[in-house]
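Enquirer: Structure provided below as structure tokens; questions to follow.
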Amino acid sequence: MILEKMETRTARSGVIGLGYVGLPLAVAIARAGFRVTGIDICSEKIERLKQGISDVPDVTNAVLAPLIASEQLQVTTDFSVLRELDTVNICVPTPLGENRTPDMQFIIAAVQQIAQYLHPEQLIILESTTYPGTTEEVVLPELSAQFPDTLQVGRDFYLAYSPERIEPGNSTHSVTNTPKIIGGVTPQCTHVAKTFYAQFISKTHTVSSPRTAEMVKLLENTFRSVNIGLINEVALICDRMDLDVWEIIDAAATKPFGFMPFYPGPGLGGHCIPIDPHYLSWKAQMYQYHARFIELATEINSEMPKYVLDKIIHALNLQRKPLNGAKLLILGIAYKKDIGDIRESPALEVIRLILDKKAEFLYHDPYIKDLSLDDTEIYHSEPLTAALVESVDCVVILTDHTAIDYNWLVTHAQLIVDTRNATRSVKKGQEKIIKI
Ligand SMILES: NC(=O)c1ccc[n+]([C@@H]2O[C@H](COP(=O)([O-])OP(=O)(O)OC[C@H]3O[C@@H](n4cnc5c(N)ncnc54)[C@H](O)[C@@H]3O)[C@@H](O)[C@H]2O)c1
């Protein structure tokens, strides 16, 4: 019955957690013709969404508002709607808790809500990034505990894990054209989940179990973390050897096989790459395995803000200026270009370090109007004027937002520390630029 409802798009869908992952997913399901209900615990977010206002860069208001107006996509804080839903995707946060161990509280809270309303023929899919075993060791027991005698997984209801692979701000690869990995608790769970995704995602790839699908996602993100750690280490070596790491990466990237470029930077940021490898190393410890590569990459990546500080000190020193009392303009505080996300952004650590050295700090980020550092002082993004750029001792580029005119910037700046090679195409004034 559920398969037929999916194929005729009459199934009612739900998405729990309407953030960077959940909102684009809810929109993709709704645009495929399903009636969708998005559920979030944040009532302010739900009020904004009801007015057709999106916080997520991958969902424009122009796309969201008509879906809300036509009620193709409804949003609520009321979980009782779960009793009417045929499919439920869970997209809640999976941060690190104390001692940088997995914090399952958001998944558990969402699943406990689902368990209350679980009913026959319902499909539950976990999309949050998590350690191998979560779906079967955490989600399934919570669901099964509610109706142990009447609802059996794979027979009465269906449970699968399918990692979200979205990259916020990536306009080429979206929810619908990025292949979807699916691992169900039973073969029938996999089949039902695959049928659902096939309605709105161009390609699906099934694997043998939820644990396998969970591991796939952690492999993908650990691969990035380790390779960024490697290239950051190469950048540190090149610095000592007085070699330009950016030129070297560009040259190596001409090799048509066996090499893919990763780039150094001020450190890792975002909700995924700095966090997900810890989920894997934590779980590996339960199998008496110490994940050395992962921890080494984390160590190197987390030292990068300190290296940026050293570069700023060195750059000012060349101008016979101390960092103490210097006026610095931080350009870009988002963890990556063209988005307004500062979660785990290395800029926060760089700012803490320069404030600690008694430098004066200003920032400009076209995507982030206000910054509350450690919940104390509030800073505001400064308008990027020639007068401002000329007035500071050093501009520090921490995020290479596309909207910035770097030729213009270099013309007006006295000194620039560029941690992203954002000034690569600038012809005049290279002598003012110090890169990592
Ligand atoms: N952001 C990314 O680029 C990305 C990419 C792939 C996977 N992921 C993974 O997807 C998951 C979600 O990440 P995100 O970036 O969308 O997070 P987010 O913080 O942007 O959004 C999470 C949303 O869940 C809501 N929420 C929290 N607890 C809830 C609950 N019990 N019930 C209902 N709503 C609840 C929050 O209010 C928030 O709106 C994480 O596991 C993350 O690792 C993120």
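Enquirer: Within segment 368-379, is there a residue that is buried (at least 19 other Cβ atoms within 10 Å of the Cβ) and in the same structural domain as Tyr263 (by TED's automatic domain parsing)? Walk me through it before giving the result.
Expert: Applying the first criterion (buried (at least 19 other Cβ atoms within 10 Å of the Cβ)) to segment 368-379 yields 368, 371.
Narrowing further to those that are in the same structural domain as Tyr263 (by TED's automatic domain parsing): 368, 371.
Yes, segment 368-379 contains at least one residue that is buried (at least 19 other Cβ atoms within 10 Å of the Cβ) and in the same structural domain as Tyr263 (by TED's automatic domain parsing).
Enquirer: With the checklist (1) part of a loop (DSSP other than H, G, I, E, B); (2) away from the ligand (no atom under 16 Å from the Cβ) in hand, flag the one item Pro57 doesn't pass.
Expert: Unmet for Pro57, out of (1) part of a loop (DSSP other than H, G, I, E, B); (2) away from the ligand (no atom under 16 Å from the Cβ): (2).
Enquirer: Hey, another quick one. Restricting attention to segment 235-254, does a residue exist that is among the polar types (S, T, N, Q) and either under 30 Å from Leu309 (Cβ atoms) or surrounded by 17 or more Cβ atoms within 10 Å (Cβ to Cβ) (or both)? It would help to see each step written out before you state the result.
Expert: Of all residues in segment 235-254, those among the polar types (S, T, N, Q) come to 254.
Cutting the leftovers down to either under 30 Å from Leu309 (Cβ atoms) or surrounded by 17 or more Cβ atoms within 10 Å (Cβ to Cβ) (or both) gives us none.
No - not one qualifying residue is present in segment 235-254.
Enquirer: If the requirement is being more than 14 Å from Ala422 (Cβ to Cβ) and either among the acidic types (Asp, Glu) or over 26 Å from the mean Cα position of the chain (by Cα) (or both), which of these qualifies: Ser391, Ser372?
Expert: On inspection, the qualifying residue turns out to be Ser391.
Enquirer: I'm trying to understand the selection: among the residues of segment 60-77, which are assigned to a loop (DSSP other than H, G, I, E, B) and either among the aliphatic types (A, V, I, L, M) or within 16 Å of the ligand (Cβ to nearest atom) (or both)?
Expert: Residue satisfying the conditions is Thr77 alone.
Enquirer: Taking interchain pairs and intrachain pairs at least six residues apart, which have beta carbon atoms under 7 angstrom, with the first residue in segment 332-359 and aliphatic (A, V, I, L, M) and away from the ligand (no atom under 16 Å from the Cβ) and the second in a helix (DSSP H, G or I) and at pLDDT below 95?
Expert: Between residues of segment 332-359 that are aliphatic (A, V, I, L, M) and away from the ligand (no atom under 16 Å from the Cβ) and residues that are in a helix (DSSP H, G or I) and at pLDDT below 95, the close pairs are Leu348/Leu373; Ile351/Leu373.
Enquirer: Does segment 136-156 contain at least one residue that is touching a residue at least 60 places away in the same chain (Cβ under 8 Å) and not aromatic (Phe, Trp, Tyr)?
Expert: Looking through segment 136-156, at least one residue is touching a residue at least 60 places away in the same chain (Cβ under 8 Å) and not aromatic (Phe, Trp, Tyr).
Enquirer: Only residues that are farther than 14 Å from Thr87 by Cα and near the ligand (Cβ under 9 Å from one of its atoms): list them for segment 26-45, please.
Expert: Asp40, Ile41, Cys42, Lys45, listed by residue number.
Enquirer: OK, next. So is Val111 free of Cβ contacts under 8 Å to residues at least 40 places away in the same chain and near the ligand (Cβ under 10 Å from one of its atoms) or not?
Expert: yes
Enquirer: Would you pick out the residues in segment 78-115 that are outside any loop (DSSP other than H, G, I, E, B) and at pLDDT below 95?
Expert: Leu96, Glu98, Asn99, Arg100
Enquirer: Among the residues in segment 265-272, are any in contact with a Lys or Arg (Cβ under 9 Å, 6 or more places away or on another chain), more than 16 Å from the ligand (Cβ to nearest atom), closer than 15 Å to Thr419 by Cα and in a helix (DSSP H, G or I)?
Expert: Checking segment 265-272: not a single residue is in contact with a Lys or Arg (Cβ under 9 Å, 6 or more places away or on another chain), more than 16 Å from the ligand (Cβ to nearest atom), closer than 15 Å to Thr419 by Cα and in a helix (DSSP H, G or I).
Enquirer: Do you know which residues across segment 197-214 are over 15 Å from Gly184 (Cβ atoms) and surrounded by 15 or more Cβ atoms within 10 Å (Cβ to Cβ)?
Expert: Within segment 197-214, Gln199, Phe200, Ile201 qualify.
Enquirer: Just the residues that are near the ligand (Cβ under 6 Å from one of its atoms) and buried (at least 24 other Cβ atoms within 10 Å of the Cβ), please, taken from segment 1-21. Talk me through it step by step, then tell me what you get.
Expert: Step one: list which residues in segment 1-21 are near the ligand (Cβ under 6 Å from one of its atoms), which gives 16-21.
Listed by number, the residues that qualify are Ile16, Gly17, Leu18, Tyr20, Val21.
Enquirer: Another question about this same structure. If you take the residues of segment 178-194 that are of a type in the set (Val, Ile, Thr) and in a strand (DSSP E or B), which of them is nearest to the chain's Cα centre (by Cα)?
Expert: Ile181
Conditions (1) out of contact with any strand residue (DSSP E or B) (no Cβ under 7 Å at 6 or more places or on another chain); (2) of a type in the set (Asp, Glu); (3) within 16 Å of the ligand (Cβ to nearest atom), marked per residue:
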{"residue": "Thr178", "(1), (2), (3)": "yes, no, yes"}
{"residue": "Thr186", "(1), (2), (3)": "no, no, no"}
{"residue": "Ala193", "(1), (2), (3)": "no, no, no"}
{"residue": "Ser209", "(1), (2), (3)": "no, no, no"}
{"residue": "Thr212", "(1), (2), (3)": "no, no, no"}
{"residue": "Ile228", "(1), (2), (3)": "yes, no, yes"}
{"residue": "Ile237", "(1), (2), (3)": "yes, no, no"}
{"residue": "Met260", "(1), (2), (3)": "yes, no, no"}
{"residue": "Pro274", "(1), (2), (3)": "yes, no, yes"}
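Enquirer: While we're here: Let me confirm something: among Pro168, Pro163, which residue is in contact with a Lys or Arg (Cβ under 6 Å, 6 or more places away or on another chain) and not β-branched (Val, Ile, Thr)?
Expert: Pro163
Enquirer: Give me the pairs, please: first residue somewhere in segment 19-37 and closer than 17 Å to Pro179 by Cα and small (Gly, Ala, Ser), second residue anywhere and in a loop (DSSP other than H, G, I, E, B) and more than 14 Å from the ligand (Cβ to nearest atom), beta-carbon distance under 7 Å, and either six or more positions apart or on two chains.
Expert: Within 7 Å, the pairs are Ala28/Thr176; Ala28/Phe200; Ala32/Arg9; Ala32/Gln199; Ala32/Phe200.
Enquirer: Condition check: more than 14 Å from the ligand (Cβ to nearest atom) and either over 24 Å from Tyr279 (Cβ atoms) or surrounded by 21 or more Cβ atoms within 10 Å (Cβ to Cβ) (or both). Does Val139 satisfy that?
Expert: For Val139, the condition - more than 14 Å from the ligand (Cβ to nearest atom) and either over 24 Å from Tyr279 (Cβ atoms) or surrounded by 21 or more Cβ atoms within 10 Å (Cβ to Cβ) (or both) - is not met.
Enquirer: Please tell me if Arg343 is part of a loop (DSSP other than H, G, I, E, B) and either touching an Asp or Glu at 6+ places or on another chain (Cβ under 7 Å) or of a type in the set (Lys, Arg) (or both).
Expert: yes
The values are calculated or read from the model by the stated rules, or taken from the named source; none is laboratory data. Here the structure is a predicted model, which is why all the values come from computation and not from measurement. Don't worry about glycine lacking a Cβ; one is built from the backbone with ideal geometry, like all the others, and counts go over all protein chains shown.
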